[in-house]
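K.L.:
Handing you this structure, nothing more for now.
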Amino acid sequence: MKIYIFGNPLVAEDSLPIHILPDLQKQFPDIHFIVVDPNENFPPEGERDLIILDTVKGISEVTLLDYSDLALIEKSPISPHDYDLLLHLLLLKKMGRIDKVKIIGFPSPSLPFHLQKV
């Protein structure tokens, strides 16, 4: 399984996925975590079902989002990114380049976040 990681380590409100990556890799060694930039050929050719871990503005707890959720929030930007991932994913879907997407959304941290072992 692949999970694509988004985030910017230089921007506090967008850095959580990057900062917890070492803990995730230890807890889930069978998952291939891949740090990506949505501006650079994402998704890779042939990847049609995506799982993404990203910071999502406006949520207070870890939340699993899919296309039905994205359609509901399409008109209100929820991403702290300069480039809006939501728009990118909706365009990829419309062009038929991807079939499914799941986003594991982490809230923008206001306090230090520590991954707890499940």
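K.L.:
Which number in (1) under 24 Å from Met95 (Cβ atoms); (2) at pLDDT below 90; (3) not β-branched (Val, Ile, Thr) marks the one condition that Asn8 misses?
P.N.:
(1)
K.L.:
List, please: which pairs have Cβ atoms under 9 Å, are six or more places apart or on different chains, and start with a residue in region 2-26 that is of a type in the set (S, T, N, Q) and end with one that is in a helix (DSSP H, G or I)?
P.N.:
So the pair list comes out as Asn8/Asp14; Asn8/Ile18.
Table: residues versus (1) modelled with pLDDT of 75 or more; (2) buried (at least 18 other Cβ atoms within 10 Å of the Cβ); (3) assigned to a loop (DSSP other than H, G, I, E, B).
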| site | (1), (2), (3) |
| --- | --- |
| Gly46 | yes, no, yes |
| Leu53 | yes, yes, no |
| Ser60 | yes, no, yes |
| Glu74 | no, no, yes |
| His88 | yes, no, no |
| Phe106 | yes, yes, no |
| Pro112 | no, no, yes |
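K.L.:
Could you count how many residues in region 20-44 are in a loop (DSSP other than H, G, I, E, B) and either over 22 Å from Leu90 (Cβ atoms) or of a type in the set (Gly, Ala, Ser) (or both)? Write out each step before concluding.
P.N.:
Narrowing region 20-44 to residues in a loop (DSSP other than H, G, I, E, B): 28-31, 36-44.
Narrowing further to those that are either over 22 Å from Leu90 (Cβ atoms) or of a type in the set (Gly, Ala, Ser) (or both): 28-31.
Looking only at that region, the number is 4.
K.L.:
Scan region 6-19 residue by residue and report those that are surrounded by fewer than 20 Cβ atoms within 10 Å (Cβ to Cβ) and assigned to a helix (DSSP H, G or I).
P.N.:
Those that are surrounded by fewer than 20 Cβ atoms within 10 Å (Cβ to Cβ) and assigned to a helix (DSSP H, G or I): Ala12, Glu13, Ile18, His19.
K.L.:
Mind checking which residues of region 11-44 are closer than 20 Å to Leu65 by Cα, at pLDDT below 85 and touching a His at 6+ places or on another chain (Cβ under 9 Å)?
P.N.:
The answer is Asp14, Pro38, Phe42.
The values are calculated or read from the model by the stated rules, or taken from the named source; none is laboratory data. Model, not experiment: these values are computed from the prediction. Positions of Cβ are backbone-derived with ideal geometry, glycine not excepted, and every protein chain shown enters the neighbour counts.
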